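What follows is a set of notes on a single structure, which appears directly below.
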Amino acid sequence: MQGRILKRRLSWSILIWFVIVLLPVYAISDVVIKNPYVFKAHVYKGQLHAHTTNSDGTASPFYLVTAYKNAGFNFVAVTDHDYVTPSPSVNGILFVQGVEETAIGGHLTVFNATKNVDTQVSQSIIDIQNADGAIVSLAHPNYSNGWTDSEIGELHDHYSLEVYNGVVERLEGSSAAYSENKWDNILSRGVVTWGVAVDDCHNISYSEFNSGFVLVNADNLTTDEIKESLKKGNFYASQGPSMEVTVNGSQISISVPSSSQIQWKKSGGTVIKTTNSVLSDNYILALRVVEWVNLYLLEHASKDFQTEIFFVS
Ligand SMILES: [Zn+2]
Ligand SMILES: [Zn+2]
């Protein structure tokens, strides 16, 4: 009898020992956080989507690029509709040739474009532009003229989608301007793509001007270096605040300059955690099944919006 009790106690203690000691070690030991944010000599502020009088914008190329320079931007990609605007030669800011291609399903913005591809087949545009040394982003996914989840599901090899678009906010409000839902869906399908914030500026005196931009880590202000950092995700989409994020082992920590709402999401778009009115927060990845963690600084109303993403394996 005593022997049986002893045996039962022993098996219980082995089980408890396994759950308390071994399981957490197993769960976190293989967590590898792929941190795309690599410190470089500079952080450059850039605009990836803007229009001139060469399509439906109201400013000439020279006037538009000068306005961005005066607003503290280090680079601007001019993306007229189906037309590659040449450099207007404004000193003191890097001009990047771009184009916004009209495709079946939606619009595609191209960074470092030499041409407008003569097709409306979305994946062909992406493939041809990539082969030509450009990189492609999905424009305003939640706009009425945007991308559906099933259209997006067919596409690959784009480097980003617009998680915020300024002119869409002016035209259709914030629920159309922010596209975290579409980004979450792409990521949850296993496609790696980054989130950018853009003005899609059509008039420099309208609300979209300087409302969404990227902050890019790079050593030198050249189109090639900016492009490489954009491709690798070494940048932040932002509407103003600068948050500092560090990765230490399986823990991601964030600090922000002013009290903010911070939200953490994981694969599937599930909210893991939302913290209100804080200056810092952290999250420990304790399970390997989390494939990505997206960190949102969510203050849509006050334009304090920023996002960072980490893939986990
Ligand atoms: Zn568009
Ligand atoms: Zn546009």
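The values are calculated or read from the model by the stated rules, or taken from the named source; none is laboratory data. This one's a predicted model, so the numbers in the text were calculated from it and none came from an experiment. No Cβ is skipped: glycine too gets one built from the backbone with ideal geometry, and neighbour counts run over all protein chains shown.
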* Asked: Any idea which residue in region 192-232 is nearest to Ser60 (Cα to Cα), counting only those that are of a type in the set (Ser, Thr, Tyr) and within 16 Å of ligand 1 (Cβ to nearest atom)?
  -> Tyr206
* Asked: Only one of Leu94, Leu108, Leu64 is more than 26 Å from Glu151 (Cβ to Cβ), within 16 Å of ligand 2 (Cβ to nearest atom), surrounded by 15 or more Cβ atoms within 10 Å (Cβ to Cβ) and in contact (Cβ under 8 Å) with a residue 12 or more places away in the chain; which?
  -> Leu64
* Structure fact -> Exception for Asp199 within (1) more than 20 Å from Asp80 (Cβ to Cβ); (2) buried (at least 24 other Cβ atoms within 10 Å of the Cβ); (3) over 12 Å from the mean Cα position of the chain (by Cα) falls at (1)
* Asked: Any residue at all in region 35-42 that is crowded, with 20+ Cβ neighbours inside 10 Å and either under 30 Å from Gly249 (Cβ atoms) or out of contact with any strand residue (DSSP E or B) (no Cβ under 6 Å at 6 or more places or on another chain) (or both)?
  -> no
* Asked: So which of Thr58, Thr119, Thr52 is over 20 Å from Trp183 (Cβ atoms) and touching a Pro at 6+ places or on another chain (Cβ under 6 Å)?
  -> Thr52
* For region 113-127, what are the residues that are crowded, with 20+ Cβ neighbours inside 10 Å, under 23 Å from the mean Cα position of the chain (by Cα) and away from ligand 2 (no atom under 14 Å from the Cβ)? -> Ser122, Ile125, Ile126
* What's the number of the condition Ser150 fails, among (1) touching a helix residue (DSSP H, G or I) at 6+ places or on another chain (Cβ under 6 Å); (2) more than 16 Å from ligand 2 (Cβ to nearest atom); (3) of a type in the set (Ser, Thr, Tyr)? -> (1)
* Answer yes or no as to whether Lys265 is among the charged types (D, E, K, R), within 18 Å of the chain's Cα centre (by Cα) and not in a strand (DSSP E or B). => no
* To do: Hey, can you tell me all the residues within region 67-91 that are surrounded by fewer than 20 Cβ atoms within 10 Å (Cβ to Cβ), within 16 Å of ligand 2 (Cβ to nearest atom) and among the hydroxyl-bearing types (Ser, Thr, Tyr)?
  => Tyr83
* Structure fact -> Of Ile254, Ile284, the only residue that is among the aliphatic types (A, V, I, L, M) and at pLDDT 75 or above is Ile254
